[in-house]
1. Which condition number in (1) within 26 Å of Ser218 (Cβ to Cβ); (2) out of contact with any Ser or Thr (no Cβ under 8 Å at 6 or more places or on another chain); (3) not aromatic (Phe, Trp, Tyr) is the one that Val184 fails?
2. From the list Arg83, Arg72, which one is within 23 Å of Ala392 (Cα to Cα) and not aromatic (Phe, Trp, Tyr)?
3. Quick check on Tyr401: is it under 21 Å from Trp318 (Cα atoms), hydroxyl-bearing (Ser, Thr, Tyr) and modelled with pLDDT of 90 or more?
4. Return the total of residues in region 310-324 being touching a Lys or Arg at 6+ places or on another chain (Cβ under 8 Å) and in a loop (DSSP other than H, G, I, E, B).
5. Looking at region 1-27 only, could you name the residues that are surrounded by fewer than 20 Cβ atoms within 10 Å (Cβ to Cβ) and assigned to a loop (DSSP other than H, G, I, E, B)?
6. State whether the residues of region 291-313 include one that is basic (Lys, Arg) and either under 22 Å from the mean Cα position of the chain (by Cα) or more than 26 Å from Ser158 (Cβ to Cβ) (or both).
7. Inspect all residues belonging to region 375-385 and state whether any of them is within 18 Å of the chain's Cα centre (by Cα), modelled with pLDDT under 90 and small (Gly, Ala, Ser).
8. Tell me, which residue of region 46-66 that is over 22 Å from the mean Cα position of the chain (by Cα) and among the aromatic types (Phe, Trp, Tyr) is surrounded by the most Cβ atoms within 10 Å (Cβ to Cβ)?
Amino acid sequence: MAIKVTLYKWANCGSDIRPVSLWRRISEMICSDPNSGFAVLPSMNRAFAIKASRQSRNGYSYLATIKVNFLRMVGEAYVEISRKSYFCRDVDGVSEVLADLPANLQRWARAVSSTSIEEHFERVDEFVSYSRSIGIDLNNTVLEAFRARTKILTGSSSYDSDGFDPKVGLLDPVRNPTTYKIVVHSEVAQVAERCISQMGQAGSRLLGSKSFIENWCSTGLAISSFTDDYFHLIIVPDSADFAQDLKWQRLFYSLEKRGLIFKIVHESSSTDRFVCRNIIFDLFQKAGGVPWVPTFNDPRLICAVDAGHHTGLELSRWTACRFSKEKLRQRTYFEDVQLAEHMPASVCSKLLTKLTNSNSLVLRDGRSHKSDRNYFVEAAVIYEESDCGISAVKPGTYFRYPDGSVLLQSAINPHNKDYVRPLRISSLKPLSDEVVIDMQGLVLLPPTTMTHSIRLPFPLYWADLASKLNGSDWAKVLGNGWSLERLVPELRKAQG
């Protein structure tokens, strides 16, 4: 049994090891071979589309690709390789890669994008073998694997993070929630009643006699029906578009400004038993409950920064989430500025200077400045090879790259125990084992759902949601009583 990573050293790359030069060289070699089976993807993603993989639907095409990422480390060239999925407009050739697809294509996109760890290994192995056949000398990089082991604390017990059952934390929490009454709002009374029935069953299964919910009731969506002494579960039609419809924006803006506690669910999901479990879990935390906490080695305050951009509005939203490990408290702050890929000095002074101190650890998904090396990016694949085949590694497994960066397998798919993209973490200062373990601990903080794990440290995941301007992920951050009404983008702009 061996734990490996798809990182390769390019032995005969020559003296020019700039990533752009390496990409140009390998692209030209593949393009000059009519039998390569690959097409160069002309975009910043630096990928090779597998020619036989193209599928089309409703004017969009899906392309399975080999993602190649070139790195300069200690004066030598390294290549990270993995299988990726990209989408483009259905035209001759690949002219535009799209990060966001229309809602009616999301389910199709998820289905065709699903990639197992075995398929990653097989496709990468094929590409490496082909590269070697045309004279690109890629050598496997042998690195030592480490494990960031984190303990999970509940109210009275300690558990290993492997296989931890979230239900245990609900029954034996670190901090109990406040008891609340919950009102379900819907345009259709029968929809609300069916939701209440399913929610009651979910609450009984999860919490038993320890429920924090005093009672349930239902009503419509009139603004006068939202009172301060209740939690509010808002059922919206599946067609609701939070990013465009001012009706919903006005409602969310008003509730958030008043500091009310609420949660939003789509009608088709309001009676799904798994969704109802997730809602109970999230309401438990909105009511002040803390089901569990991971142990931390480093006491520093965490400040996570992310940015969302909207070219149509010529607007960038820079979001910072401050998390205290001692007080188990998170706060969200943001600044809207003219479109800016890198953090403007004004944002740095308003957000980082305000939120951090000399004892802070700052996380950034991406780069604050083009010269920075402190960032998280998509990276190679970590896998376990044994006589039984290829399998995903346990969360917390990590490698140290020759340049000092760390590749961390922060999560795996909770349903099939399969592949989830790892994190590559770089820092201006060497990352100690204690800091890496704490990164994994931040991933293990209670998320907003029980059935889906996250791969980013939780403060960074939260900043990512809040920064979204192109969609409606910002709505998931509302309803905690934090008065973040200015997150509602179009209405905020209209009232500005």
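1. Tallying (1) within 26 Å of Ser218 (Cβ to Cβ); (2) out of contact with any Ser or Thr (no Cβ under 8 Å at 6 or more places or on another chain); (3) not aromatic (Phe, Trp, Tyr), Val184 fails exactly one: (2).
2. Arg83
3. no
4. Total satisfying the criteria: 1.
5. Met1, Ala11, Asn12, Gly14, Ser15, Asp16, Ile17, Arg18, listed by residue number.
6. no
7. yes
8. Of everything passing the filter in region 46-66, Phe48 is surrounded by the most Cβ atoms within 10 Å (Cβ to Cβ).
The values are calculated or read from the model by the stated rules, or taken from the named source; none is laboratory data. For clarity, every value in this text was computed on a predicted model and none was experimentally measured. Heads up, the Cβs are rebuilt from the backbone with ideal geometry, glycines too, and the neighbour counts pull from every protein chain shown.
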